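The values are calculated or read from the model by the stated rules, or taken from the named source; none is laboratory data. Note that the structure is a prediction, hence the values are computed from the model and not measured. Methodologically, a virtual Cβ is constructed for each residue, glycine included, from the backbone with ideal geometry; neighbour enumeration extends over all protein chains shown.
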Amino acid sequence: MATQKQGVILVGHGGLPSDCPQEFVTTLKRLEAQRRAAKQPPSAEEVGLDMKIRRWPRTPSTDPYQSGLQALAARLQSQLNGILFALAYNEFCAPTVVEAVEHLVGQGATEIIVTTTMFTPGGFHSEIEIPEILSHLRPKHPGVVLRYAWPFDLELVADTLAEQIRRFSTGTRHEDR
């Protein structure tokens, strides 16, 4: 039996760069709403505009969300003992979840665990979109196990938040923000 080659994808929401023209975003959101209402696949115009926004040049000052997620990803990757790793975004940034999966498969991954920074239930991206994307990718890659590490254990999330609150509570040293 062949050895599994593991990969991990961290998925963040994605943010808009501050210098991206607002009319791009307005048009994209209008096209998405029309498509969803009509239950149609994305039009060429929608796909092109989505890619234009995702590939928009970014810097830490124009897209601090991307910089923050990249910093988190670097910390996470350092704890994964050499497992293949990729970062992906649900919207506005590249790469997409599909692109990240394809990248890891291209590196030989046979088992990919996908996780997200979106911890709470009820979100469209975490609860619906990511599972749908993975279900569409599974038939394309039958030799690859795609696992979605979600939902989060809310007790563990609460423990992390409580620890953060303790770090900033009265009587501890910290900077007011």
| request: Would you mind finding the one in Glu32, Glu23 that is at pLDDT below 95 and either loosely packed, with under 12 Cβ neighbours inside 10 Å or in a helix (DSSP H, G or I) (or both)? | output: Glu32
| said: Given the condition touching a strand residue (DSSP E or B) at 6+ places or on another chain (Cβ under 9 Å) and modelled with pLDDT of 95 or more, answer yes or no: does some residue in the range 48-60 qualify? | reply: yes
| query | Under 7 Å by Cβ, and 6 or more places apart or on different chains, what pairs join a residue from the range 33-50 that is acidic (Asp, Glu) with one that is surrounded by fewer than 12 Cβ atoms within 10 Å (Cβ to Cβ)? | reply | none
| remark: Contact list, first residue from the range 96-109 and not assigned by TED's automatic domain parsing to the domain that holds Met51 and surrounded by 15 or more Cβ atoms within 10 Å (Cβ to Cβ), second anywhere and in a helix (DSSP H, G or I) and at pLDDT 95 or above, beta-carbon distance below 6 Å, six or more apart or interchain, is Val97/Ile133; Val101/Leu137
| Within the bounds of the range 84-93, is there any residue that is part of a helix (DSSP H, G or I) and of a type in the set (Gly, Ala, Ser)? | no
